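Encoded as structure tokens, the structure appears first; notes follow it.
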Amino acid sequence: MPVQSHLSAAQRDELRAMLETKRSELRRAIDARSRPADDSEDRMIEEVDAATREISVTESETLVERDRKLLAEVERALAKMDAGNYGLSEASREPIPFARLRALPWARTDADESD
């Protein structure tokens, strides 16, 4: 059941825009990092370059995983916004200050609470 928000309509609109922008950025980054490498290029490079490329692929996979986790947090925040309970701490059910949400729109708790 939605609760009365401590955020103004303008604040909610600003935060929604920030979340939607971040979601788009993350989706693009995941897509770009997830594209398979061109095998013909791999056949032309030397062993040292192949080892360097393997490190790069591993780093890219790590970044994709991090981006997917952050994307899930952003989508969770947007769902909470749609449900009417965005901006409340999951630990205390107290309002999360606007400044905290502006800095980290997908925050689940106030800065002094543990997640």
**Q.** Under 5 Å, built H, 5+ apart or other chain: amide partners of LEU88
**A.** ILE96
Q: Please give the FRET efficiency for LYS80 paired with SER24, using the beta carbon to beta carbon distance and R0 = 22 Å, rounded to the nearest 0.05.
A: 0.75
Q | Built amide H within the under 5 Å cut-off of ARG108, gap 5+ | A | none
**Q.** Estimated vicinal HN-Hα couplings, Hz - the stretch 21-34 in sequence order (Karplus 6.51, -1.76, 1.60; Gly, Pro = x)
**A.** 5, 5, 4, 5, 4, 5, 4, 5, 5, 4, 4, 5, 7, 8
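Taken together, the values in this text are just the output of simple stated rules run on the coordinates, not laboratory data. Nothing here was measured: the structure is a model prediction, and the numbers come from that model. Cβ atoms come from the backbone with ideal geometry, glycine included; neighbour counts cover every protein chain shown.
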